[in-house]
Amino acid sequence: MKKIIAIFLSIIIIVLIIIYFSIWSTPAKVASQIIVNTENINTLNFKEQDSVTIAVTTMYEGNMLKNMVQGEQYRDEWAIPVKVPVVFLDTLNGGLTIIKKGGGHQTQSLRLKNPKGIYYTLRSVAKNPEPLIPEFAKTLGIENIIIDGISAQHPYGAIVVAKLAESISILHTHPSLVFVPKQERLGKYNTKYGNKLYWLEYETEGPTNWTDIENVKEIVDTDKLQKLKKQLGNDLNIKKEELVRNRLFDLVIGDWDRHAKQWGWVLQQREDKFLAIPLPGDRDNAFFSTDGVIPTIVSSKNIQPRLRSFEKEIDYIPGLVYPFDRYFLLNIPIEIFIEQAEFIQNNLTDQAIEEALHIWPKEIYKLHGAEIKTNIIARRGQLVAYAKAFKKEIDRQGILHEPLKGSDDVVLSKELLECFDCR
């Protein structure tokens with residue numbers, strides 16, 4: 001018995017040693033924004049260049065040990081240089097002015113406005129997971145496990161998702177990849193935000209309509225939508241079919257992170273009534289892929305049920321149901337779910353998927369493009385079954401008893417707190 005215990009403890013020690021060596025193999029500092037064939041990024045005159053060849057970051061580069069313990073993920077995509085245009089805010093889209101700094105926990109962003117009053121955002125491709133690291137992880141010296149987890153995100157997923165969305169008539173923010181050099185228009189943000197790679201896209205809220213939809217009053221966030229619902233009651237409704245289609249599309253592309261603050265709403269006025277059309281934003285977690293010992297353990301349905309990896313099959317539907325779904329989709333009939341699943345199956349064709357993925361540069365597509373295509377097609381094929389399971393789980397979890405994320409300060413009636421159309 002003692003011998004068995006000794007062997008078991010030895011195995012545990014060996015595993016811990018392997019994990020720690022794997023953790024130490026992550027660079028302590030970010031080596032990012034590499035300009036190929038340029039010795040000094042700070043002395044280069046970017047006004048003389050239309051484009052640069054740049055990588056997001058080399059900090060996720062791995063070796064055999066790291067790939068085994070912490071997963072292969074999309075390490076190569078983060079580190080491979082791609083060609084992107086150089087932009088200056090004073091001439092971009094008629095001239096962009098910075099309104100304020102934005103961003104969530106991981107993303108640096110700037111909100112911008114052009115002379116026509118259209119709102120844009122610059123969202124950093126590189127992520128900063130530092131705010132998400134709990135103190136116990138720092139104490140144990142395992143913070144690099146959390147930092148390294150960003151490698152499971154595909155850095156260029158957003159542009160493919162936008163193209164896929166067009167084939168099934170879903171709105172998107174028209175993201176484009178740009179390099180923003182240091183420049184006078186950045187002002188006080190020049191040092192922190194200059195010389196980096198960004199997604200330039202339309203903002204998911206703002207007073208001016210940039211979509212092709214007619215008779216739009218404004219574009220609002222979920223917080224303001226709830227306030228308007230409180231004021232307008234039955235004169236304000238959401239476009240239910242499109243919201244269901246959006247959420248089923250999220251299942252197809254493996255975008256598991258879809259909380260309330262990642263949605264805008266295009267308010268279309270029809271006489272004295274309003275229709276809110278869903279506008280999804282922030283596609284950082286589309287095609288999210290985990291493997292390796294540690295990520296597999298962490299993404300277990302018993303530990304992090306929302307952290308679902310993008311595989312051919314969806315393995316745990318309950319983990320993909322957000323409070324957002326219970327709030328907006330609870331009273332929608334299952335027939336609409338089935339109808340929208342079939343719509344996606346009929347319109348998200350193999351050709352549409354192939355064309356969308358080939359938006360990526362060849363060097364990016366050849367890494368995981370074929371695998372991603374295979375997984376999308378497999379998920380699309382099972383979408384009616386997934387739609388039924390998704391709706392069933394929404395119904396099982398039922399009404400909410402707490403505010404949606406970002407709506408904590410909104411005073412709502414009991415009915416409007418529980419779901420959007422309960423009253």
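The values are calculated or read from the model by the stated rules, or taken from the named source; none is laboratory data. No experiment lies behind these values; they were computed from the predicted model shown. Reconstructed Cβ throughout: ideal geometry from the backbone, glycine too, with neighbour counts over all protein chains shown.
Just a few scattered comments:
- Residue list for the stretch 318-352, filter: in contact (Cβ under 8 Å) with a residue 24 or more places away in the chain and farther than 21 Å from residue 244 by Cβ: 350
- Residue 219 vs. criteria of a type in the set (A, V, I, L, M, F, W, C) and within 17 Å of residue 274 (Cα to Cα): yes
- Among the residues making up the stretch 95-115, those that are at pLDDT below 95 and more than 12 Å from residue 189 (Cβ to Cβ) are 104, 105, 106, 107.
- Cβ-Cβ under 6 Å pairs, at least 6 apart or on other chains, the stretch 245-267 side more than 20 Å from residue 337 (Cα to Cα) and in the same structural domain as residue 328 (by TED's automatic domain parsing), far side acidic (Asp, Glu) and assigned to a loop (DSSP other than H, G, I, E, B): 262/282; 264/205
- Residue count for the stretch 323-371 under the criterion of being aliphatic (A, V, I, L, M) and more than 17 Å from residue 389 (Cα to Cα): the result is 9.
- Test: residue in the stretch 365-379 that is more than 30 Å from residue 151 (Cα to Cα), of a type outside the set (A, V, I, L, M) and assigned to a helix (DSSP H, G or I): no
Each row is one residue, and each column tells you yes or no for (1) in a helix (DSSP H, G or I); (2) surrounded by fewer than 21 Cβ atoms within 10 Å (Cβ to Cβ).
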{"site": "283", "(1), (2)": "no, no"}
{"site": "287", "(1), (2)": "no, no"}
{"site": "290", "(1), (2)": "no, no"}
{"site": "297", "(1), (2)": "yes, yes"}
{"site": "311", "(1), (2)": "no, yes"}
{"site": "315", "(1), (2)": "no, yes"}
{"site": "319", "(1), (2)": "yes, yes"}
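- Test: residue in the stretch 251-268 that is over 30 Å from residue 379 (Cα atoms) and at pLDDT 95 or above: yes
- Wholly within the stretch 137-248, strands (runs of 3 or more DSSP E) carrying at least 1 residues that are closer than 30 Å to residue 115 by Cβ: 176-180, 196-202, 216-221
- Meets criteria (over 26 Å from residue 125 (Cα atoms) and over 23 Å from the mean Cα position of the chain (by Cα)) for residue 214: yes
- Number of the condition not met by residue 80 [criteria: (1) within 23 Å of the chain's Cα centre (by Cα); (2) more than 25 Å from residue 151 (Cα to Cα)]: (2)
- Applying a threshold of 6 Å to beta carbon distances and a minimum spacing of six or more residues, or different chains, the list of pairs starting in the stretch 209-226 at a residue that is within 25 Å of residue 405 (Cα to Cα) and ending at one that is of a type in the set (Ser, Thr, Tyr) and not in a strand (DSSP E or B) reads 223/407; 226/407.
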